[in-house]
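The values are calculated or read from the model by the stated rules, or taken from the named source; none is laboratory data. What you see is a predicted model; the values in this text were computed from it and never measured. So basically every Cβ, Gly included, is an ideal-geometry build from the backbone, and we count neighbours across all protein chains shown.
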Amino acid sequence: MHPALSVIFFTVTAGAGYGVLFLLGISRLTGLTPDASPDQVTLMGVVGLVLVTAGLLSSTFHLANPKNAWRSFVRFRTSWLSREAVFAVLFYPVCLIWLACDFFMGNTTTTNFLGLLTAFLCIVILICTGMIYASLKTIRQWHTALTPVNFVLLGLLLGALILGFMLASQGLSTATLMSVALGVVVLAALAKIVYFYWIGQPAGPTINTALGFTRATVRLLDVGNSSDTFHNKEFGYQVDKVKLIWLRTISMILMALLPLLLISGVFGEVGSSTLLLAALSAYAGVFVERWLFFAEARHVVNLYHGFQRT
Amino acid sequence: MSALPEFENHAEQTVKTTTCYMCACRCGIKVTLEGNEIRFIQGNPKHPVNKGVLCAKGNAGIMKQKSPAKLTQPLVRKAGTERGAGEFEPISWDKALTLLTERLRKIRETDPKRLAFFTGRDQMQALTGFWASQFGTINWAAHGGFCSVNMAAGGLYMTGQSFWEFGDPDWDHAKYFMLWGVAEDHASNPIKIGLEKLKRRGAKFVAINPVRTGYQAIADEWIGIRPGTDGLLALSFAHVLLKNEQFDWDFLTRYTNSTQLVIHAPGTSDHGLLLRNDEGELQVWNQATDSVASWNDSSHDDSIQAALFGEFLTPGAKGGKTNGVADCTQVKTVMTHLAEKYLSEEYAPENVAATVGIDAETIERLALEMAHVAFKETITIETPWTDWTGRRHERFIGRPVAMHAMRGISAHSNGFQTCRSIHLLQVMLGAVDCPGSHLAKPPFPKHVAPPIKPAKAMAPNTPLASPPLGFPMSPEDLVVDANGEPMRIDKAYSWEAPIANHGMMHMVINNAVKGDPYPIDTLILFMANMSWNSSMNTAEIQDMLREKDEHGDYKLPFIVTSDAFHSEMVNFSDLVLPDTTYLERFDTISMLDRPISEPHSACDSIRQPVIELDRDVRPWQEVLVDIGTRLKFPALTDADGGAKFADYKDFITNWEKAPGIGFLAGWRGKDGDEHMVGAPNPDQWQAYQDNDCFFEHKLPPEQRYYRFANKDYLEWAKSVGFNGHAGPITIELYSEVLQKFRLAGQGLYDGPQPNNDTDRARLVEYFDPLPDWYVPLEEQRVDNDKYGFHAVNQRPMFMYHSWDSQNAWLRQIMAQNYLYMNRERGLGMGIDDLDWVWVESHHGKIRCQVKLMEGCNPDTVWTWNAIGKQSGAWGLSDKAPESTKGFLMNHLISELLPSKDGERGLTNSDPVTGQAAWYDLKVNIYKAEKGETGVYPSFKNIKRLPDMAESPTVLHYHTHEAVNLERSMEDALSRGHLPTGEKR
Amino acid sequence: MKLGLVIDLDTCVGCHACAVACKQWNTSGTTGPLTDYDPYGENPSGVWFNRIRSFEVDEYPNNKTVNTPMSCMHCDDAACVTVCPTGASYKREEDGIVLVDQSKCMGCNLCAWACPYGARELDEDAGVMKKCTLCVDRIYDEALPKEERQPACVMTCPTNARFFGDFDDPNSEVSTMVRERSGYSMMPEVGYNPVNKYLPPRQRPKAPTVEKKEAASGQSLIGKWMKRQKDAFNDFGKGAR
Ligand SMILES: Nc1nc2c(c(=O)[nH]1)N[C@H]1C(S)=C(S)[C@@H](COP(=O)(O)OP(=O)(O)OC[C@H]3O[C@@H](n4cnc5c(=O)[nH]c(N)nc54)[C@H](O)[C@@H]3O)O[C@H]1N2
Ligand SMILES: Nc1nc2c(c(=O)[nH]1)N[C@H]1C(S)=C(S)[C@@H](COP(=O)(O)OP(=O)(O)OC[C@H]3O[C@@H](n4cnc5c(=O)[nH]c(N)nc54)[C@H](O)[C@@H]3O)O[C@H]1N2
Ligand code: SF4
Ligand code: SF4
Ligand code: SF4
Ligand code: SF4
Ligand code: SF4
Ligand SMILES: [Mo]
């Protein structure tokens, strides 16, 4: 699939924002940020919201006809994109009220309940985003439970590191958060490794099933157009094998290995600059990961354009 | 069902019928218009040719009309600029025609042959040929010589009917269909309609073609033959048929010349001629009396038992005569000659297998399959009919084996004889114009050969006494001077190409520039892209068009082009006369010309303008009538020089070729109630317009088959002017015409003979009176180890030669062509998909990109024809893939054969008919170096014409605001999953 | 009603007529115009609803070329519809035609991603998704003669390889053909239950041949025929032609 930068930026950045807000939302109950004051929480929440908003705005660049974007709430019943949109919009008032409560009322049951609700919506939205892709039977590299798992874990990973940086830069304690982050990084890396293994297995439709001639080799002779079409622009993207291995390695190093080493104190004390580095590295790593997520996805329609299998 | 909005405002639409001209198939179309814009073009279901269907090109007519390459005004080359530099200035029609008329007047007054008028893919040769005759020049021909004259001549000199546009397989009855070397052909839609009929009926379809695409894709059996060897395959089939005694005795005896007697008198001028009596009547051997009898009598009189086989000696002593027949003459029946020749082991499947690239068992099986269908699956149509002798037959008996062949056969230098070899098979099987076989389309069949001789006498200001093109029957009919030198600029009907029935357009520029046989003054080209895809050796042809003599004058002084679009040829013209598009003009598709008839009906048709002109262009038809009137052609002016006809329409209505016969056959007579023959009808055009622009005369059932021998048909055909007499059309398996030329080559002919050894040798070698096969000429002369591949072309179904690259829809299907190779063969040479390769012939080289495929004979490479374009032509940008990556094979094809010591340059054509041998090409292929990409050779960018608009960068063609089919918000909100809300 | 097409791979010659007819009709049709970009330039492309691809099955010399026209299959389980967030994509309840309401689409491409058959193309200029409408603006247009109330691609196909009809009606031409010719769906494993069906190329039984004669030399055969020809001649008239 053609990796559109607007979509990559959207899913990575908004994902990070949801990660931040999820962790903040449950922080009071879980003691992730034991020493943060309500206005500090609110401030960090606003940063999370900015990330989410930047991501969402970017997503509209992907629309060819954004003036109809408002209509995307209509098909909640069947469309994960619609669900994502609905929850994303629902999310704003909930999140804002929560942050306001936190700011004005501090640590109350209501605040905590709203925080939880926000956190819940964050996860739901991350799952919806993942499901947009996972629901597509046409792309076997996406059509797996690993997709939403991955979106959630990577959102949390980025969220944890960004939140950690924000805590550290305000001189707040990051210990609990870091142990959570450590776990998330390991899980996310594992999930990604499983994913790579899984998409490496031959499976899915082949040109034989696509055409209905299963007893002999089938090769494309003529695709019926000698210049570009919507299909080869949108679906025809292919990455060179060597480049692929490189990018996978880079993304794993940046999003998992380096942050892991940084936060586990291998390069010295874990301060705000370490965490900033970890967050930036992870962001870059996830960006590459997300690019690969698209670039490695092979739409079945390519079978009709010359691919032998998906 | 929810109510639907009204999508179309039918009240504002009009529907007009006319005839498509996106190609020469000439289908009937219905054009729906909104104002002057085309909403939709569809097939006319009532039309005899296409019966409602339309091909890709026909469906893209809108984009032809929208082409940015449309010419808009007459143009002259700017004084002082070089030809081909593309510097033009507008000129008014009046000035343009005055200029041209003055020039032509001088030529006509002095030496009419200094005008050469050649036309390409047109279908109005009756008009252009008439015009040339009236002008008085023999230098006229249409595209047939570089197209497929081999098919026309092969058929007309043997069966009186032919492949190409002149006949169709009997799609409704054939049980076995063999297609030889056809990718698309002129009967573009009819063949497709027919193939479907065949397949639905369960008939077997065998395709003989080095490439498996298009029609061959749906064949039941694909025979991937090595190019140029079909003749040998056909004769091997004949061998198998003979060996197994599978031939139609009855048919051969009755309808062919196989019982006629060939004189055996080696070393004399009679050798190989047919035995005749003093009255000129052909003779047979009467077994009943052991003496000769006339063939004609034997047909009528059952007591004469004509021998099919045998070698005889006429009675008496040398020098004497009995009943007008020379005594003591050794004779052998045609059939004996034929059997002896083809039974020879040289044609045995196992001996031809390696050459044709097909295993012997397959060859034998296919022949025996055809025999089975012909003789064991015979069909009958229970319609009584009468043969020319008056014998009544209760039914039509059909041998349901049909064949069709085209350029895969004709575009080789052995194509004429190969075509004859295929006809031979049909004749042996008795499968000619009978139910289930190949059927002629009126005005065919014609007598073998049609009794028209090519004109040679010319005089100033005088029309020719006969048409420029005709059918030579002996060396006397050649168009050569007293020294035996060619008289036509294309050297058609010379010793180099004696039966060049359609002229040799591909030689005109070459000869004219060399002044061989003489220089000319003006060349008029109509609808022919001679500086590009329709010339061999394109690059050098462009140089020739620029070539100057020692005075600095162009060797070809003046070139006039009638084109509708900015083609490569327009760029090389001195005067450009812009034509209308097919949707903007009146036109006739006449029975005097290439018929649109169907096997069982005689048809003709017209075009009418369906949209209004928005440019300063004129139909070429009008221009021809106008110039002819200005030049005072006798047929167009009266005694005091006044115009006889107001315009083209008036001319078509009132001009008569012979009393009662004109361009259009329908609705003749003063009241429009006479058909085929009748006085001019002033309302004839209107009658056509009222009848969807076509006329169809359906043959009554008893006239539909065996027309070469069918009394009712033959009499009718004579009465409507198709044939000169109502006698039978005898199929000539043995061609005495060819034998006469061969005798001339041997120095034995009582009459003209060539004056040099080259021509003599060719006549001896290639003019076998029986169908024959020889290695194509280029292959005979090149190093086949070096040039190991055959290189051929195919027509893409969605493009017409050069003229569809300007079509925004069609070029999305293909804007670049590739060189296709057999996958295994390519990989074996280290060549993979999309690699750039050099392709080299004895003549030149090109660079192009490869695609590998399975369905390709391993010794063959091929590409789609005429996709490559010169940069800047056709309204395309200079970055268009057509000019940066697309290529022509023409650069590799020389118009002359590889030279041999001491021999003059010989045309790269069939030595009998002069048909251009495009597909004889042999090439060598090797990978280009790294970094060597892009097409080679590439040509200078062609300049835009004055006032030509920039081509648009985006198109939103539509004739009205779209009426969107809304989905209600309620439905969008409420509907669960799919329609029923449940997953099925 | 379940409307759709049957395409006969046994007769399709890959001529692209249906593709261009579709383009022609639909550019002024209900979802027109079908924009063309760079029409006379380096990379001519545009919106089409129907594209023809050719494949080769098996290898030389056993190869067979198969031409496959592909347009919207009007799937029963059309995920292109379920994924659409705006409700622009829908499958009509009454006849199963899958359409895009041009006024509602936001051009997110998701439906195109969901389609296995490449049947949807974004009009980059208009910003909306376009696809085969099954010529809804022809098939119900009562101003057209009855026999013309058919999709443009079906009417034009020179080899009559395309059939339009109601698959819910077991006696319709399309249902019968699918039954009798083992009509099949492309890529069934994705589970969209396409309505359009393809008829596979036919396997024809071996053709009979006339029995082979004993080998004989050419001269002996001609000798034999010379002896026999009198009888042969006298046989004329019986099977006479
Ligand atoms: N769409 C479309 N239709 C056209 C035209 C067009 O440009 N486009 N052009 C029109 C014109 S002018 C003409 S003359 C006709 C020509 O129509 P066709 O006769 O169909 O001509 P080609 O496309 O040249 O096809 C020649 C076929 O012969 C095969 N072939 C080549 N060499 C050999 C051989 O030695 N033996 C055998 N058995 N096969 C061989 C090639 O692979 C190819 O399939 O088409 C007319 N119709
Ligand atoms: N390598 C190779 N070369 C070949 C062939 C091949 O198979 N291989 N095939 C050969 C054959 S069979 C043929 S017939 C020739 C065809 O060659 P041409 O007869 O030259 O055919 P086109 O390229 O179609 O060019 C005809 C010209 O007519 C113009 N034209 C189109 N419509 C109109 C109109 O309405 N009025 C006027 N006045 N002009 C119009 C076009 O713009 C174009 O310039 O090519 C030959 N060349
Ligand atoms: S075959 Fe196609 S282009 Fe040719 S006349 Fe018919 S519809 Fe027109
Ligand atoms: S029009 Fe018919 S034959 Fe041509 S590509 Fe379409 S389905 Fe095939
Ligand atoms: S073919 Fe594609 S666009 Fe058509 S209904 Fe099926 S999934 Fe949707
Ligand atoms: S592109 Fe349009 S029709 Fe397709 S899913 Fe998005 S909104 Fe729906
Ligand atoms: S049914 Fe209509 S819209 Fe669909 S492919 Fe055919 S012509 Fe195009
Ligand atoms: Mo031609």
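Cβ-Cβ contacts under 7 Å between residues 6 or more apart (or on different chains), taken from a first residue in region B:411-422 that is touching a residue at least 24 places away in the same chain (Cβ under 8 Å) to a second residue that is hydroxyl-bearing (Ser, Thr, Tyr) and not in a helix (DSSP H, G or I), are listed as B:SER413/B:SER909; B:ASN414/B:TYR774; B:PHE416/B:THR913. Taken together, the criteria exclude B:LEU613 from residues that are at pLDDT 95 or above, closer than 29 Å to B:ARG83 by Cα and outside any strand (DSSP E or B). C:LYS64 falls short on exactly one of the conditions (1) within 16 Å of ligand 4 (Cβ to nearest atom); (2) at the interface with chain B (Cβ under 8 Å from one of its Cβ atoms); (3) crowded, with 22+ Cβ neighbours inside 10 Å, and that condition is (3).
Could we say that C:ASN109 is farther than 30 Å from A:LEU63 by Cα and either more than 11 Å from ligand 7 (Cβ to nearest atom) or of a type in the set (Asp, Glu) (or both) here? The answer is no for C:ASN109. In region C:32-48 there is at least one residue that is more than 7 Å from chain B (Cβ to nearest Cβ) and under 17 Å from the mean Cα position of the chain (by Cα).
The residue list B:PRO911, B:PRO858 contains one member that is over 23 Å from B:ILE541 (Cα atoms), assigned to a loop (DSSP other than H, G, I, E, B) and not acidic (Asp, Glu), which is B:PRO858. Within the set C:ALA114, C:ALA126, C:ALA161, the sole residue that is modelled with pLDDT of 95 or more, facing another protein chain (nearest Cβ under 8 Å), closer than 19 Å to C:CYS12 by Cα and out of contact with any Lys or Arg (no Cβ under 7 Å at 6 or more places or on another chain) turns out to be C:ALA161.
Among the residues making up region B:711-740, those that are in contact with a Ser or Thr (Cβ under 9 Å, 6 or more places away or on another chain) and not in a helix (DSSP H, G or I) are B:ALA726, B:PRO728, B:ILE729, B:THR730, B:ILE731, B:GLU732, B:LEU733, B:TYR734. Could you please give the count of residues in region C:82-108 that are of a type in the set (A, V, I, L, M, F, W, C), closer than 20 Å to C:PRO151 by Cβ and within 11 Å of chain A (Cβ to nearest Cβ)? Result for region C:82-108: 0. Does A:LEU51 satisfy the criteria of being within 23 Å of the chain's Cα centre (by Cα) and either surrounded by fewer than 16 Cβ atoms within 10 Å (Cβ to Cβ) or small (Gly, Ala, Ser) (or both)? Spelling it out, it is not the case that A:LEU51 is within 23 Å of the chain's Cα centre (by Cα) and either surrounded by fewer than 16 Cβ atoms within 10 Å (Cβ to Cβ) or small (Gly, Ala, Ser) (or both). Mind checking whether some residue in region B:574-596 is of a type in the set (Val, Ile, Thr), part of a loop (DSSP other than H, G, I, E, B) and more than 16 Å from ligand 1 (Cβ to nearest atom)? Yes: region B:574-596 contains one or more residues that are of a type in the set (Val, Ile, Thr), part of a loop (DSSP other than H, G, I, E, B) and more than 16 Å from ligand 1 (Cβ to nearest atom).
Regarding B:ALA744, is this residue within 21 Å of B:PHE663 (Cα to Cα) and either in a helix (DSSP H, G or I) or out of contact with any Cys (no Cβ under 8 Å at 6 or more places or on another chain) (or both)? Before the answer, list the steps.
Values: within 21 Å of B:PHE663 (Cα to Cα): no; either in a helix (DSSP H, G or I) or out of contact with any Cys (no Cβ under 8 Å at 6 or more places or on another chain) (or both): yes.
No; evaluated as a whole, the condition is false for this residue.
Listed here are the helices (runs of 4 or more DSSP H) enclosed by region A:223-278 that have at least 2 residues being closer than 30 Å to B:ARG811 by Cα and within 14 Å of chain C (Cβ to nearest Cβ): A:230-235.
In region B:788-812, how many residues are under 19 Å from C:TRP25 (Cα atoms) and either in a loop (DSSP other than H, G, I, E, B) or under 21 Å from the mean Cα position of the chain (by Cα) (or both)?
4
Taken over region C:199-229, the criterion of being within 30 Å of C:GLU173 (Cβ to Cβ), at pLDDT below 90 and facing chain B (nearest Cβ under 7 Å) is satisfied by C:ARG204 alone. Residues of region A:201-222 that are of a type in the set (Gly, Ala, Ser) and either facing another protein chain (nearest Cβ under 7 Å) or assigned to a helix (DSSP H, G or I) (or both): A:ALA210, A:GLY212, A:ALA216.
Listed here are the strands (runs of 3 or more DSSP E) enclosed by region B:11-103 that have at least 3 residues being among the β-branched types (Val, Ile, Thr) and surrounded by fewer than 24 Cβ atoms within 10 Å (Cβ to Cβ): B:13-19. Restricted to strands (runs of 3 or more DSSP E) entirely inside region C:1-94, those with at least 2 residues that are within 16 Å of ligand 7 (Cβ to nearest atom), on the phi < 0 side of the Ramachandran plot and without any contact (Cβ under 8 Å) to a residue 60 or more places away in the chain are C:51-57, C:89-91.
A quick yes/no check of all residues on (1) within 10 Å of chain C (Cβ to nearest Cβ); (2) of a type outside the set (Ser, Thr, Tyr):
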position	(1), (2)
B:ASP170	no, yes
B:HIS239	yes, yes
B:PHE251	yes, yes
B:THR256	no, no
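Is it the case, given these coordinates, that C:ASN171 is surrounded by fewer than 22 Cβ atoms within 10 Å (Cβ to Cβ), within 8 Å of chain B (Cβ to nearest Cβ) and at pLDDT 95 or above? For C:ASN171, the condition - surrounded by fewer than 22 Cβ atoms within 10 Å (Cβ to Cβ), within 8 Å of chain B (Cβ to nearest Cβ) and at pLDDT 95 or above - is not met. You will find that of B:ILE846, B:ILE925, the residue that is more than 13 Å from ligand 2 (Cβ to nearest atom), more than 25 Å from the chain's Cα centre (by Cα), among the β-branched types (Val, Ile, Thr) and not in a loop (DSSP other than H, G, I, E, B) is B:ILE925 and no other. Looking at the structure I just gave you, is A:PHE293 surrounded by 15 or more Cβ atoms within 10 Å (Cβ to Cβ) and touching a strand residue (DSSP E or B) at 6+ places or on another chain (Cβ under 6 Å)? It is false that A:PHE293 is surrounded by 15 or more Cβ atoms within 10 Å (Cβ to Cβ) and touching a strand residue (DSSP E or B) at 6+ places or on another chain (Cβ under 6 Å). Consider B:ASP185 carefully, then state whether it is on the phi > 0 side of the Ramachandran plot and either within 16 Å of ligand 2 (Cβ to nearest atom) or away from chain C (no Cβ under 14 Å) (or both). Judged against the criteria, B:ASP185 is a match. Cβ-Cβ distances below 9 Å connect the following pairs, each with a first residue in region A:37-65 that is of a type in the set (D, E, K, R), a second residue that is away from ligand 7 (no atom under 16 Å from the Cβ), and a separation of six or more residues or different chains: A:ASP39/A:ASP102; A:ASP39/A:PHE103. Here B:TYR749 meets the list (1) part of a loop (DSSP other than H, G, I, E, B); (2) crowded, with 24+ Cβ neighbours inside 10 Å almost entirely, failing just condition (2).
When you look at A:ALA168, is it outside any loop (DSSP other than H, G, I, E, B) and either closer than 21 Å to A:ARG28 by Cα or touching a residue at least 60 places away in the same chain (Cβ under 8 Å) (or both), yes or no?
In short, yes.
For B:PHE88, are the conditions met, namely being over 30 Å from B:GLY167 (Cβ atoms) and within 16 Å of ligand 7 (Cβ to nearest atom)? When the stated conditions are applied, B:PHE88 does not pass them.
The one condition from (1) in a strand (DSSP E or B); (2) within 26 Å of the chain's Cα centre (by Cα); (3) not hydroxyl-bearing (Ser, Thr, Tyr) that B:ALA866 does not meet is (1). Among the candidates B:GLY267, B:GLY231, B:GLY214, the residue that is touching a residue at least 60 places away in the same chain (Cβ under 8 Å) and touching a Phe, Trp or Tyr at 6+ places or on another chain (Cβ under 9 Å) is uniquely B:GLY231.
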